[in-house]
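Taking it in order: structure first as structure tokens, then the write-up.
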Amino acid sequence: MSVPPQASRWFLPRDSEMARRINELDWAATSLGPMESWGPALRHALATLLRSTAPMGLFQGRDGVVLYNDAYREIAGLRHPHVLGRPILDAWPEVAEFNRNVLDTVLAGGTLSYRDVHVVLNRTGEPEDTWLHIDYSPLVDEDGNATGVFFLIKDTTRRVEMEQRLRIAQHAGGVGTFEWFPETGRLEVSEAYRRISGLPTEGMVTDAMVLARVHPDDRALATPAMDRENPVEYAEYRVVDPASGDTRWIARRGEVAQHGEGTRHRFIGIAMDITDRKVAELALANQALTLQDRVNQRTAELLRTQDALRQSQKMEAIGNLTGGVAHDFNNLLQVISGNLQLLVEDVQGNERGERRVRNAMAGVARGSKLAAQLLAFGRRQPLAPKVVNVGRFVRNMDDLLRRTLGEGIEVETVIAGGLWNTLVDPGNVENALLNLALNARDAMDGQGRLTIEAGNAYLDANYVDALDDVAAGQYVLLAVTDTGHGIEPGIMEKVFEPFFTTKPEGQGTGLGLSMVYGFVKQSGGHIKLYSEPGHGTTVKLYLPRTTQSEDIIVDVDSGPVTGGSETVLVAEDDEAVRETVVAMLADLGYRVLKARDAHSALSIIESGIPIDLLFTDVVMPGALKSPELARKARERLPGIAVLFTSGYTENSIVHGGRLDEGVELLSKPYTRETLARKLRQMLSTQAQRNAGNPETVVAAPALPTPPPIRVVRVLVVEDDWLVRTTVAEMLQLRGHEVFEAGDADRALAILGQETIDVLISDVNLPGMSGVELVATARERQADLAAVYATGHAGVEGVVPDARTLVLVKPYGSDALNQSLARLFPPPGIARPMASPL
């Protein structure tokens, strides 16, 4: 390579490393060409920047070939000297877009200026955050054309990071800094000081602005005394937010800074938010003043807790006693009932004898009800819980309640939308509601208003702390309120005790509320009584929430009374009960074997005699218990059916107040008809299982198969209560979780609390229309599916698509389910094209 004459390099200083490197680089290999071809403008620019101590450089030509001075080397880092002579976009690829904009703007004649611009550069072998001051201006040749970009650069990273750390420290420590210049009234303040003092985030700050926010009573304290002998000053004062009116406490510490001999020029200091400390000091002072009150309060709480514990223990003891009494009582009733039913055939045609048997059976029924109430209070009744929706349950009982209470009682039901399900025994819920309604009727002397409410509730830890056996969590609330006489405070704690009643003698057993109490407790719930003399009573039942789908309840205790010819083994330790049930079964046509205890029954089973059903008492003497007998029987005779009976289940087949899975129980006392139906049902079911061959089983008529669906969460919005509840029931029967709203406001409230998959809305709602409601809802949840219900062929402005359908009224369950199936096809089924239904 030929070396150009030294005279052509006058712009290269002798003592510069970058001048030497520029001189040695083969520029002919770049877009700039050989050095001797460089124009005067470029040479003069290099002469200037190479002699400057400030970092600067050039992006020369259309591709921005990089040239720079010695001061720029520190900014280039490990990229030096490799970036020299390279196009800027290749030299710094991590900021290529940034530099492309620089080239386009400045080569077009413009200028750019950046202060503390943030970029990520790889100067040390790894990416690092960098802040820079950069000024760009065009390099103009002798013809006035911009041929390059001249830049002046300064690395401000250290200062920016220090300022950030200072801001973080001030924010974390709640400390703001300031300088006050009394002569001008101006303050230089930090971001933290603005926040602490409630000042605007931007703009000039004056002492008048600061004092305007200080509480009027504290302004003298907040003004620094510039003439004090001691230059260090401390003050505490209040500031008031002009927008919200909130008051905060500020602590300020500062020092007078002198400028010249004896002249006070400025006041420098810090400010801290000490509101929390002041609040704590005030709270501590209040605690000291109210210590005795708090001691008295805690003592009262302790006494209430002890009373609640004593009450709980008393109720538990009474429950154990009544449960045991009910067991023996039920055995006696079973003997009497069984023999009376056998006697019916003997007195047929004898009018007087038949009447006496009927009267005796009525007495047995009353005794059976009494025993059931005792078991309910003692939490010993075997529950067969189902997943029910209490709101639907209450609505279904509406007619029954109105007929029972009479015309003088106005019945109002209030069912909250989106009501949760609960796992309870349906029969006991019905009995509890009837008992509460009848008590309310008597309290109102047949005239007044009864309000039944169902809603969702949450019992928090603070509420349940003072309760003995209640867990915090979600509950379904069933409340019954009357406008009757109310209950005197002195007898409130006794109302749940068995046989306690305020009614005249002969007008009440005193077991109604105790039965409700026992059922709720056995179901894992909570009961609360509110009453005020002269203002009525409210009884609140809290039943635990379940997330399971609602069960479809089928009545199996119906149909004709039929017997059979199968073999039944009766295991019963009470001889009178055993002989009675054997006679009843024989009368029904069954072949009967009998055993006085579990060991005897097992011996009969092991003898090899064919047995179709084991009918065993739960509570029997001996080491071998009934559940173990049933297990051994099934091991030896896999096709045997097992039916338990008892007047008191203890915990052998009932756990948590509920029958174990797969256990069949017939509670004593039972009638001949009930026994016959139960046996026939179990033997028929077992015969089908034993058959094993589907051809031997008589098939039930095939029901139409509903379209496959996915279970979803649905919000039904309809102002017509009857239409809304009907649609909700149709959806719940298919297993969907349904929330209800009567207008758009309630619907939006539910959408703010629950995750909803599809919104089914009437078009013409009061206030906001259904179309507006869906639009508003989709602003919050873009993927929300929607079904518009309308009496017209379509909805103006609504085009059906994959997430939107129109359902024309009147519509039935099939059309509704088809709509959901189209919106939410099961896995493996393609979504159909949308169209109005």
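Before moving on, here are some points about what is shown:
- If the condition is being out of contact with any helix residue (DSSP H, G or I) (no Cβ under 8 Å at 6 or more places or on another chain) and among the acidic types (D, E), then the range 94-152 contributes E94, E97, D104, E126, E128, D135, D143.
- Once the range 104-117 is narrowed to residues that are within 13 Å of F151 (Cβ to Cβ), part of a strand (DSSP E or B) and not polar (S, T, N, Q), the residue that is nearest to the chain's Cα centre (by Cα) is V117.
- Of all residues making up the range 176-210, the number that are over 46 Å from the mean Cα position of the chain (by Cα) and on the phi > 0 side of the Ramachandran plot: 1
- Counting only residues that are out of contact with any Gly (no Cβ under 8 Å at 6 or more places or on another chain), farther than 19 Å from V798 by Cβ, outside any strand (DSSP E or B) and not basic (K, R), the range 731-747 holds 5 of them.
- Some residue of the range 485-502 being more than 30 Å from V470 (Cβ to Cβ) and either under 50 Å from the mean Cα position of the chain (by Cα) or modelled with pLDDT of 85 or more (or both): no
- Under the condition of being exposed (fewer than 15 other Cβ atoms within 10 Å of the Cβ) and farther than 20 Å from A785 by Cβ, the residues counted in the range 709-725 number 3.
- All of G77, G33, G39 fail the test of being under 60 Å from the mean Cα position of the chain (by Cα) and at pLDDT below 95, apart from G77.
- Residue match in the range 711-725 (condition: in a helix (DSSP H, G or I), over 30 Å from P638 (Cβ atoms) and at pLDDT 80 or above): yes
- Given (1) in a helix (DSSP H, G or I); (2) modelled with pLDDT of 95 or more; (3) under 26 Å from G144 (Cα atoms); (4) not aliphatic (A, V, I, L, M), index of the condition F59 fails: (1)
- T147 outside the structural domain of L32 (by TED's automatic domain parsing), in contact (Cβ under 8 Å) with a residue 60 or more places away in the chain and not in a loop (DSSP other than H, G, I, E, B): no
- Here T124, T157, T130 are screened, and the one residue that is exposed (fewer than 12 other Cβ atoms within 10 Å of the Cβ), over 23 Å from Q60 (Cα atoms) and of a type outside the set (A, V, I, L, M, F, W, C) is T124.
- Residue check, N101 within 23 Å of K154 (Cα to Cα) and either over 59 Å from the mean Cα position of the chain (by Cα) or not assigned by TED's automatic domain parsing to the domain that holds F151 (or both): no
- Subset of the range 534-566 [modelled with pLDDT under 85 and closer than 26 Å to V495 by Cα]: G534, H535
- Conditions (1) among the β-branched types (V, I, T); (2) modelled with pLDDT under 80; (3) assigned to a helix (DSSP H, G or I); number of the one not met by T649: (3)
- There is at least one residue in the range 59-66 that is under 60 Å from the mean Cα position of the chain (by Cα) and surrounded by fewer than 20 Cβ atoms within 10 Å (Cβ to Cβ).
- Among the residues listed as Y136, Y114, the single one being within 23 Å of H44 (Cβ to Cβ), at pLDDT 90 or above and aromatic (F, W, Y): Y136
The values are calculated or read from the model by the stated rules, or taken from the named source; none is laboratory data. As the structure is a prediction and not an experimental result, all values here were calculated from the model. With ideal geometry, Cβ positions are generated from the backbone for all residues, glycine too; neighbour counts draw on all protein chains shown.
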